[in-house]
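Q: I'd like to ask you about the structure that follows.
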Amino acid sequence: MSVFAAVALALLVTITLALARAAMGPTVFDRLQAANTIGTCAMMLLAVLGFLGGRPEFLDLALVYGLLNVIGVIAVLKFFRRGDLGDPGHHPAAEKAAR
Amino acid sequence: MIHSFSALIALFIFWLLLSGMYTPFLVAAGAGSAVAVLLIAHRMDVVDHEGHPIHLAWHAFFSYWPWLVKEIIFSAWDVSKRIWHPSLPISPSLAEFVPTQNTDMGLVIHANSITLTPGTISIEVAQGRFLVHALTREGAAGLAGSEMDRRCTSMEVK
Amino acid sequence: MSVVIDVLSALCLVAGSFFCLTGGIGLIRMPDFYTRMHAASIVETLGAGLILLGLMLEAGLTLISVKLAMVGLLVFFASPTASHALARAAFLRGLMPELAKAEDASSKP
């Protein structure tokens, strides 16, 4: 068994633990935190899988997955705080444009 | 102007590194994309010393990051020991203190470094007031006037 | 020489998986939301960093290493921002952290 397979296994176990927290988590923030951790682990898992299968193109997928993960968490948080994704908040340029 | 130029170069190098194929068409497409992204960034008004802090690069690479990595390793090891310990010896605390940075850039670097170090998380960040959640009482006590605070301030004036 | 690099990379990968697992255990064991965040930040800093370092040693000086470094920089810059946004949103929502009682238990590991 190669060391990559062992790392992939450890990452899968971590994802399972985070999934358990997402299922249990008393507040919505616990679930979001678990989702963020799952995203980071999935990114690492994609990179390791690329090496395991000898296909380094998987790294591009890992990069895109990481970007989507961050944007996803921020978007869900914004949705919970304002109930709307399009609200620009208190940005001076946006307020100037709205006037 | 110098920020636009360095952003353009950085974007183009980013394209070249990600693509890995250097046919004339793809290189030209990369140059076009870099210009387009720069124009959009100008329209959003984010190309300035805050959005693209080249003046910090040298000091950050060779002095601040190595120190921060060392700090992250030590505190991550400490938190790991606490997680594996059967009795879970944590004493969560909130700490409020006054950071010594004056600019937004310095405050952001300081707050990000606090969050990046396992064991401390910045909750509220404002000029002259940081609210930080720490995993242990000792971690909370060591925050005000820390080495990290001093290093961030010294980087800011450079 | 290549044996040394292989051993170093395997060590980094194993240590990285260990820290990822530690973070996962912490997510289950810690008592409230804010303390769980500290456990998750181990996964995002040392776990991810060591695994990426191990893969970079394996890949050598190629474009693959550059891409791995980009993944690392992304995690390095974006994860504290997301964590801070989460903590701040939870705090503003009124979720208070469970604080330790004054000097009851020793917090030495």
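Each value in this text was obtained by applying a stated rule to the coordinates, not by laboratory testing. The structure presented is a predicted model; accordingly, all values stated were derived computationally and were not measured. Note: ideal-geometry Cβ built from the backbone for every residue, glycine included; neighbour counts use all protein chains shown.
Q: Tell me the label-point distance for the pair residue B:36, residue A:55, using the 7 Å Cα-to-Cβ offset, in nm and rounded to one decimal.
A: Taking the simple label geometry, residue B:36 and residue A:55 are separated by 2.8 nm.
Q: Checking a compactness column here: for the stretch B:4-98, what do you get for Rg(Cα) / (2.2 N^0.38 Å), N being the number of residues? All intermediate terms of the calculation are to be shown ahead of the outcome.
A: Working: Rg = 21.5 Å, N = 95, 2.2 N^0.38 = 12.4 Å.
Relative to the 2.2 N^0.38 Å estimate, the stretch B:4-98 comes out at 1.73.
Q: I'd like the orientation of helix B:2-19 relative to chain B: the angle between its Cα long axis and the longest Cα principal axis, in ° from 0 to 90, rounded to 10.
A: With both axes taken from Cα atoms, the answer is about 90 degrees.
Q: So which helices of chain C fit the span-like rule, where a helix is a whole DSSP H run, its Cα atoms reach 27 Å or more along the axis, and its mean Kyte-Doolittle is at least -1.0?
A: Details: long enough: C:2-29 (40 Å, 1.81); C:63-92 (43 Å, 1.54).
Answer set is C:2-29, C:63-92.
Q: Now a separate question. In which sequence would A:64, A:7, C:66, C:3 go, from the one with the fewest C-beta neighbours within 10 Å to the one with the most? Don't skip to the answer; put the middle values down first.
A: Details: A:64 12, A:7 27, C:66 18, C:3 7.
Fewest-to-most Cβ neighbours within 10 Å comes out as C:3, A:64, C:66, A:7.
Q: In a shell of Cβ-Cβ distance under 13 Å around residue C:94, excluding residue C:94 itself, what net charge do Lys and Arg (+1) and Asp and Glu (-1) give?
A: On the way: positive: A:81, C:88, C:93; negative: none.
Charge balance in the 13 Å sphere: +3.
Q: Got the relative contact order for chain C handy, in percent, Cα pairs under 8 Å and 6 or more residues apart?
A: On the way: 88 pairs, mean separation 29.9, N = 109.
Computed over chain C, the figure is 27 percent.
Q: Right, here's the next one. Whole number please: convex hull volume per residue of the Cα set in the stretch B:55-157, in Å³? Walk me through the numbers on the way to the answer.
A: Working: hull volume 8.2 nm³, N = 103.
That works out to 80 Å³ per residue.
Q: Let me ask something else about it. Would you mind checking the tilt of helix B:65-84 against the longest principal axis of the Cα atoms of chain B, expressed as 0 to 90 degrees and rounded to 10?
A: 50 degrees
Q: Let me know the charge dipole size of the protein assembly as shown about its Cα centre in debye, to the nearest 20, where only the beta-carbon of Lys, Arg (+1) and Asp, Glu (-1) is charged. Could the numbers behind the result be given before it?
A: Details: 24 positive and 25 negative charges, 76 e Å.
With Lys and Arg at +1 and Asp and Glu at -1, about 360 debye.
Q: Among C:67, A:78, which comes first, second and so on when ranked by fewest other beta-carbon atoms within 10 Å? Intermediate values should be presented prior to the final figure.
A: Working: C:67 25, A:78 17.
The fewest-first ordering by Cβ neighbours comes to A:78, C:67.
Q: So, one more: Hand me the tally of lysine pairs in the protein assembly as shown: alpha carbons under 26 angstrom apart, and the pair either on different chains or 8 or more positions apart.
A: Working: A:78/A:96; B:70/B:81; B:70/B:158; B:70/C:67; B:70/C:108; B:81/C:101; B:81/C:108.
Close lysine pairs found across the protein assembly as shown: 7.
Q: Same structure, new question: GNM, chain B, Cα, under 10 Å: largest mean-square fluctuation among B:83, B:121, B:109?
A: Taking springs between Cα atoms under 10 Å, the residue moving most is B:83.
Q: Something else about it: Taking a quarter of the surface of the convex hull around the Cα atoms of the protein assembly as shown, what do you get in nm²?
A: Values: hull surface 83.1 nm².
Convex hull of Cα atoms, orientation-averaged projection: 20.8 nm².
Q: Same structure, new question: Can you tell me the orientation of helix B:147-157 relative to chain B, as the angle in degrees between its alpha-carbon axis and the longest Cα principal axis, to the nearest 10?
A: 30 degrees
Q: To continue, here is another question. Using a 10 Å cut-off around each Cβ, can you sort C:50, C:11, A:59, C:27 from fewest to most neighbouring Cβ atoms?
A: Details: C:50 22, C:11 15, A:59 25, C:27 29.
The most exposed by this proxy come first: C:11, C:50, A:59, C:27.
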